[in-house]
1. For the chain, report the accessible area per residue in Å² (1.4 Å probe, heavy atoms, rounded to an integer).
2. Quick one, which of [x] 1.67; [y] 1.18; [z] 1.30 is the actual Cα Rg over 2.2 N^0.38 Å calculated for this model?
3. Under a Cβ-only charge scheme (Lys and Arg +1, Asp and Glu -1), can you give me the dipole magnitude of the chain about the Cα centre, in debye to the nearest 20?
4. Explain nothing, just the number: relative contact order of the stretch 23-102, from Cα pairs under 8 Å at least 6 residues apart, as a whole percent.
5. Over 25 Å between Cα atoms, which of K69/K129; K6/K34; K6/K129; K2/K100; K2/K29 qualify?
6. Taking the 0 to 90 degree range and rounding to the nearest ten, how far is the long axis of helix 5-19 tilted relative to the main principal axis of the chain, both from C-alpha atoms?
7. For the chain, calculate the relative contact order in percent as a whole number, restricting contacts to Cα pairs under 8 Å that are 6 or more residues apart.
8. Packing-wise, with mean Cβ within 10 Å as the measure, how do 47-57, 100-110 rank, highest first?
Amino acid sequence: MKISTKGRYGLTIMMELSHRYGEGPTSLKSIAEKHQLSEHYLEQLVAPLRNAGLVKSIRGAYGGYILSKTPDQITSGEVIRVLEGPISPVDFTEEDDPAKRDLWIRIRDSIAEVLDSTTLSHLISFQDKGVNDNYMFYI
């Protein structure tokens with residue numbers, strides 16, 4: 001399972017809104033400029049986040065987006081599921097081998113546990129300890 005730019009940029013939007021929580025609406029233009037991303041692409045990503053009730057849009061000259069809940073009430077799992085769909089490394093429902101089926105289920109559940117236990121508050125308060133494991137995991 002590989003998280004696409006939809007999930008990664010969606011988390012970027014949500015983390016920026018978390019950083020500015022309580023300060024009023026944040027424009028997608030400001031997020032796009034800060035992270036050198038396409039504003040048009042961010043607009044496409046924020047629509048499903050709004051439809052899922054994770055963000056609210058504020059109209060007007062000083063409009064933009066705000067989180068619909070506090071950063072500690074929104075998990076990265078919610079954001080990823082809205083933008084990427086169900087979390088599963090393979091379609092294990094078609095797996096005939098019980099051992100492999102169990103493996104896929106345990107992998108799915110482990111990924112879900114990490115995503116569901118990591119809130120936006122956790123992400124924005126992360127302190128890099130300088131440990132750099134240059135591992136790339138493809139599932």
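The values are calculated or read from the model by the stated rules, or taken from the named source; none is laboratory data. Predicted model, so just to flag it, every value in this text is computed and none were measured. So basically every Cβ, Gly included, is an ideal-geometry build from the backbone, and we count neighbours across all protein chains shown. For the accessible areas, the whole protein counts, side chains as well, though only heavy atoms, and no ligand, DNA or RNA atoms are used. Shrake-Rupley method; radii C 1.70, N 1.55, O 1.52, S 1.80 Å.
1. About 65 Å² of surface per residue is accessible.
2. After the calculation, the listed value that fits is [y].
3. 600
4. Relative contact order here is 25 percent.
5. The answer is K69/K129; K6/K129; K2/K29.
6. Roughly 50 degrees between the two axes.
7. Relative contact order of the chain: 29 percent.
8. Averaged packing, sorted descending, gives the order 47-57, 100-110.
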